[in-house]
Amino acid sequence: MQGYRLEPSGLEQVFEKLKSQSYEIIGPKLKDDAIVYDRLTRVKDLPIGLTDEQGPGYYRLKKRNDDAYFGYVLGPQSVKHYLHPPVFSLWQAKRTEDGFAIPKERESAPRYAFIGVRACELNAILIQDKVFLDSDYQDPVYLERRKNAFILAVNCTQAAPTCFCSSLGTGPKVEAGFDLLLTELINETEHYFVLETGSEKGQVFVKDVNLPAASEAELEAAQNRVKATEEQISKKLPTEGIKDLLYASYEHPHWDEIAERCLSCGNCTMVCPTCFCTTVDDVTSLTGDTAERVRRWDSCFTSDFSYIHGGSVRPSSKSRYRQWMTHKLASWQDQFGSLGCVGCGRCISWCPVGIDITAELEVFRQERGQSESN
Amino acid sequence: MTGFKETYGRKPKLAVWKFASCDGCQLSLLDCEDELLALTGEVEIAYFLEASRATVKGPYDVSLVEGSVTTPHDAERIKKVRKVSKTLITIGACATAGGVQALRNFADVTDFTRVVYAHPEFIKTLATSTPISEHVFVDFELRGCPINKMQLVEVINAFLNGRKPVTPSHSVCLECKKQGNVCVMVAGGKPCLGPVTQAGCGAICPAFARGCFGCFGPMELPNASSLMGWWKKHLGATDDEVIRALRTFNAGAEVFRKEGEAHGN
Ligand code: SF4
Ligand code: SF4
């Protein structure tokens, strides 16, 4: 492992350099009662000295007893908000004398520099890459934003009780897919970052920032920090045989039990960094002279989403939750060759009634185990 | 998809009718400022007493009906309105769920008339406040207390252009998340009706860190008992608070009514 030592004050230099390369900086920022991804102009915009406490259906901000810059775990949003915008106008058409015309010119895609991206989120981006780019039909909106993106990742220095990335091999250590990587270190005497590069873009970037190499001890401290985080993770989602388990549980009565609690509100899909479903609305001006097709996030928890001629295919919460969970953990594997979950725990924290995907899965697993041993 | 004008070679005639209501939804139409001019170019506003005393005789191509039915007279009048309207669209919580005046449905209305009027014997009112759909066939119901003016324009617009209006029936939560509002329930511990309420308002209250009041009524698949169970168990809400939250503008909507009753009276 090779790395540099970056002082907190040096981070401002990183910001300035990103700006000079005409990046729009998106990073963690305090908004109302949570840390969200928003536009940052300077290092002071970071949620310095703040952390979060999470549980099923529960998230609270707390003050830390230090001035850590990245001392929180995860907020409700992921970079999905920016790479795969919630609402996007796909095209407009104007009525002409002899039909209609579609103006061709498109605004150029923004150049985002994402600050503070965690291991699970990076893995979610890699999953969305497969969804949006790994086929004959690429999503141009995602593609442009993704190509432009600069990613400054951060290793988690603390985990929440809702995290289970270590079960899925998606964290807490950042392994790949970043340009720059920071590990924040704070002890009685010092506050600094170990900075690593993960791409050519990242290497070029640090070249003229002129940073000292990190010492062996500093590099080791960084590694130990991430290890300690991993040890904090208590939640598990065992993946062995998960696909067969879910496919075999299709008619299981536990889906009805979940449906008694599930609100079909769709929050879990909105906060999930891999969920990608959308719908399109066709709208017109009053005069009917212009028309527009607008894409917006949709969810397998809405009735419109599975509406086909004659009705909704999934009219009950039971069928919707089953669809969601089975897709995330089983059919996603058939479709994209991996799980559709990275263990970030957002769906657990941000479910208004605290439904926990790992706990629900465990019920199926336990009962299956029992019926097998009988 | 052909527009009204191309099909009929004229502008559609629009009427606006008022039943038991506060006029707020009709005001939303007047409030359409920017769109109002364009609108008057596309429709003939034939009957709209709140805007003009001049009226044009029916039948009407489209009627917007505000308010609920609370008197024997109105119960008859709505039938006449239906007869002269090709398309009938109800607007607002009063017309779609009985409005806040449906609180009478939970009590004896004469208890109210006695307290409010000097001569309650002159008051001819029904025991209940009911939505228009309980009396006549309704082509489309636009929710809200008041309705969202952009949704109103969208509904008229869709009618004019012969397409389906974009007025999703999912929860308010989806609007919050798309806008980037922070969940007031999860992060603030505040009771919020958003997860069981239909979207359409633009999630205004959560955007200002308040819980949703449920102005747009139940969403398409509401699970009020689960949400209220969570309010009580985890947010410290009392039965009274649960009932109060459910009994506002959409008190008469079946899901809200039943859930309220499950928590006492
Ligand atoms: S399913 Fe839940 S834990 Fe898994 S990635 Fe999505 S939000 Fe995170
Ligand atoms: S699991 Fe939770 S967040 Fe997802 S739809 Fe059900 S209640 Fe909403």
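The values are calculated or read from the model by the stated rules, or taken from the named source; none is laboratory data. The model shown is predicted, which means the values in this text are computed figures rather than measured ones. Glycine also receives a Cβ, built like all others from the backbone with ideal geometry; neighbour counts cover every protein chain displayed. The protein model used for the area step is the full one, side chains on, heavy atoms only, and it has no ligands, DNA or RNA in it. Shrake-Rupley method; radii C 1.70, N 1.55, O 1.52, S 1.80 Å.
List of remarks:
- Considering only B:A95, A:I242, B:G9, the residue lying farthest towards the positive end of the dipole of the protein assembly as shown is B:G9, judged by Cα position with unit charges set on Cβ.
- A:G343 long-range amide H proximity, modeled H, under 5 Å: none
- Ranking A:L30, B:L88, A:L61 from most to least accessible surface, computed with a 1.4 Å probe over the protein chains only, gives A:L30, A:L61, B:L88.
- Just checking the listed ones, B:V138, B:V116, B:V182: in the Gaussian network model of chain B with Cα springs under 10 Å, the one fluctuating most is B:V116.
- Taking other residues whose beta carbon is less than 14 angstrom from the beta carbon of B:C183, and scoring Lys, Arg as +1 and Asp, Glu as -1, yields +3.
- Helix B:149-160 and the longest principal axis of the C-alpha atoms of chain B enclose an angle of approximately 40°.
- Between A:V363 and A:K130, the modelled label-to-label distance comes to 2.8 nm, taking each label 7 Å out from Cα in the direction of the beta carbon.
- Note on A:H252: accessible area approximately 30 square angstrom, rounded to 10, probe 1.4 Å, nucleic acids and ligands left out.
- Spatial separation of Cα centroids for segment A:1-65 and segment B:1-51, in angstrom: 49 Å
- For A:D281, net neighbour charge (Lys/Arg +1, Asp/Glu -1) across residues whose Cβ lies under 12 Å away: 0
- Farthest toward positive dipole pole in segment A:153-235 [+1 Lys/Arg, -1 Asp/Glu at C-beta], among A:T197, A:I186, A:C163: A:C163
- Chains B and A together, accessible area buried on both sides, 1.4 angstrom probe, square angstrom: 3400 Å²
- Think of segment B:99-176 as a dipole: +1 on every Lys or Arg Cβ, -1 on every Asp or Glu Cβ, centred on the Cα centre; then among B:A107, B:L160, B:I123, B:L160 lies furthest on the positive end.
- With contacts taken as Cα pairs under 8 Å at a separation of at least 6 residues, segment B:4-160 carries a relative contact order of 28 percent.
- Diffusion constant of chain B at 25 °C, which comes from Stokes-Einstein with the Kirkwood Cα-pair radius and 0.890 mPa s, µm²/s: 125 µm²/s
- Along segment B:119-131 the Karplus relation, 6.51 cos²θ - 1.76 cosθ + 1.60 evaluated at θ = phi - 60°, assigns HN-Hα couplings of 10, x, 5, 7, 8, 9, 10, 7, 5, 10, 9, 10, x Hz to successive residues, with x for each Gly and Pro.
- Dipole magnitude of segment B:4-160, debye to nearest 20 (Cβ charges: Lys/Arg +1, Asp/Glu -1, about Cα centre): 620 debye
- Here the contact order of chain A, divided by its residue count and restricted to Cα pairs under 8 Å and six or more residues apart, works out to 21 percent.
- DSSP beta bridges fully contained in segment B:4-160 are about 10 percent antiparallel.
- A simple charge model with +1 on the Cβ of Lys and Arg, -1 on the Cβ of Asp and Glu and nothing else charged puts the dipole of segment B:99-222 at about 440 debye relative to its Cα centre.
- Segment A:275-301 versus segment A:83-100: alpha-carbon centroid distance in Å: 10 Å
- Using a probe of 1.4 Å, the accessible surface attributed to A:V363 totals some 40 Å² when neighbouring protein chains are kept in position.
- Fully extending the segment from B:V84 to B:E254, taken as 0.36 nm per residue of separation minus the present Cα-Cα distance, adds 58.3 nm.
- Heavy-atom SASA rank of B:C145, A:C351 (probe 1.4 Å, accessible area, largest first): B:C145, A:C351
- Heavy-atom accessible area for A:E220, with the other protein chains in place and a 1.4 Å probe, reaches approximately 110 Å².
- Shape of chain A, Cα gyration tensor, a/c cut at 1.5: oblate
- Calculated mean residue ellipticity at 222 nm for chain B: -10000 deg cm²/dmol, from DSSP H runs with n ≥ 4 weighted as -39500 (n - 2.57), summed, divided by the residue count and rounded to 500.
- Computed over chain A with a Gaussian network model linking Cα atoms closer than 10 Å, the most mobile of A:P273, A:P172, A:P140 is A:P140.
- Local charge for B:Y8 was computed over the other residues whose Cβ lies under 11 Å away, with Lys and Arg +1 and Asp and Glu -1, and equals +3.
- About the centre of its Cα atoms, the protein assembly as shown shows a dipole size close to 1420 debye [charges on the beta carbon of Lys, Arg (+1) and Asp, Glu (-1) only; nearest 20 debye].
- Across segment B:172-261, Cα pairs under 8 Å and at least six residues apart give a relative contact order of 25 percent.
- Once the Cα atoms are used to define both axes, helix B:224-234 deviates from the longest principal axis of chain B by about 40 degrees.
- Computed over protein heavy atoms with a 1.4 angstrom probe, the accessible surface ordering of A:K243, B:K124, largest first, is B:K124, A:K243.
- Computed helical MRE - 222 nm, chain A, DSSP H runs ≥ 4 contributing -39500 (n - 2.57), nearest 500: -9500 deg cm²/dmol
- Residue with peak Gaussian network fluctuation, chain A [Cα springs, cutoff 10 Å], from A:L74, A:L361, A:L181: A:L361
- Cα shape, segment B:172-261, gyration tensor, a/c 1.5 rule: oblate
- For B:K83, the aspartates and glutamates whose Cα falls under 16 Å of its own Cα, not counting residues fewer than eight places away in the same chain, are B:D61, B:D74, B:E134, B:D139.
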